[in-house]
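Below you'll find the structure, written out as structure tokens, and then a few comments.
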Amino acid sequence: MSMRKPIENRELKNTVFVDLFQMCPEAKENALSLYNALNGTNLTDPSVIEQIRLEDTIYKGIRNDVSFAVEDKIIVLMEHQSTVNENMPLRFFMYLARLYEKIISTRLRYKKKLVKIPVPEMFVFYNGTEPLPPRTTLRLSDAFINNPEFNEIELTVTVINISASAEKTDDILEKCGIIKEYSKFVDIVRDFISKKTEQPYKEAIRYCIKNGILKGYLEREGVEVENMLIAEYDYDTDIAVQREESFEEGHAEGKAEGIAEGLSIGLAKGHAEGRAEGHFEGRAEGIDDLFIATKELKSGSSSDEIIKKYGTDIANKAIQLIE
């Protein structure tokens, strides 16, 4: 086995969604416009937006989370272009804990007097192609074992369909101009990709500028936007392909091997959901790690580093994929 040279850790790639609402010069204005649309307010001073940025994110490899504080609230936004994951409330629950840890000092946490904290509001903006109602609600309590009648903890996530191609979308598209333009932009990018043109991202950006869609932003940030699109859509494609290959391979290997792999990669989930689903569920949970490990090996990380970060099983599979 050859040893690969280690590489420096690279920052996670931002999506255009994150850039528009948290990173670009107009990010606070954009975030305020979206906040007003979500809450029925008419705030006009962008300085009331306090951007909060976590080092870790809900997804690996691609940063698609936006969080900011305004008035007495914390707003957490996620964009989702694939099938909406029913585990989003659990992910938001873990994400929210990290947010509070970031903004509430250790000294305040141990005071005897009650510490007031911002009220969280959590949203998933669905930008995919599958049929979805304008708004749906996901609840953390749906994940509780045996679904107890009384829950000590509840967390809700509002899923808003902003896809320009949807038969019926939420009225937020009419209330917030920037999210409407962004929705059109994503739809146009997807259309150019489906046409399999030579430079779909560049052509989509040109089309949008010509037609006044995110014009100022794309005129200024066109090259960087193209790079973000390449990273985002290549990542989504790679994950989809690996999930499909993993599923097919699981059937070929048989149930016995599937149970073992499901338990080793998916930890206890494969066992908890039944042996019949052990292989598929377990492997699905491990796909993101396998994808990132493979990418890091290709970029020069050593096999020892990959074993340390992801475990022997993931490391061996990643090595097999690139050899």
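Key figures for this structure:
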{"quantity": "Sum of side-chain charges, Ser47 neighbourhood, beta-carbon under 15 Å (Lys, Arg +1; Asp, Glu -1)", "calculated": "-4"}
{"quantity": "Potential lengthening between Asp171 and Lys195 on full extension [0.36 nm per residue; Cα-Cα distance subtracted]", "calculated": "5.7 nm"}
{"quantity": "In nm, spacing of pseudo-spin labels at Asn42 and Phe144 (7 Å Cα→C-beta vector)", "calculated": "4.1 nm"}
{"quantity": "In order through the range 148-158: 3J(HN,Hα) via Karplus (6.51 cos²θ - 1.76 cosθ + 1.60), integer Hz, x for Gly, Pro", "calculated": "x, 5, 10, 10, 6, 10, 9, 9, 10, 10, 8"}
{"quantity": "Cross-link pairs beyond the 26 Å C-alpha cut-off, checked among Lys73/Lys309; Lys13/Lys215; Lys28/Lys215; Lys73/Lys112", "calculated": "Lys73/Lys309"}
{"quantity": "Cut-off 15 Å between beta-carbons: net charge of the residues surrounding Phe150, Lys and Arg +1, Asp and Glu -1", "calculated": "-3"}
{"quantity": "For Gln81, residues with placed amide H under 5 Å, excluding near neighbours", "calculated": "Asn127"}
{"quantity": "Within-13-Å neighbourhood charge of Leu173 [Cβ basis; K, R +1; D, E -1]", "calculated": "0"}
{"quantity": "Sequence ranges 71-78, 157-164, 92-99, ranked by mean other-Cβ count within 10 angstrom, highest first", "calculated": "157-164, 71-78, 92-99"}
{"quantity": "Average Cα contact separation per residue, the range 13-223, under 8 Å, 6 or more apart, as relative contact order %", "calculated": "16 percent"}
{"quantity": "Arg98-Ile209 FRET efficiency (beta carbon distance; Förster radius 45 Å; 0.05 resolution)", "calculated": "0.75"}
{"quantity": "Estimated FRET transfer efficiency (Asn85, Lys111; beta-carbon r; R0 45 Å; 0.05)", "calculated": "0.75"}
{"quantity": "Order of Lys196, Lys102 under a 10 Å beta carbon neighbour criterion, fewest first", "calculated": "Lys196, Lys102"}
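Values quoted throughout were computed directly from the atomic coordinates according to the rules given, and no laboratory measurement underlies them. Computed from a predicted model, the values in this text were never measured in an experiment. Positions of Cβ are generated from backbone atoms using ideal geometry, with glycine treated the same way; all protein chains shown enter the neighbour counts.
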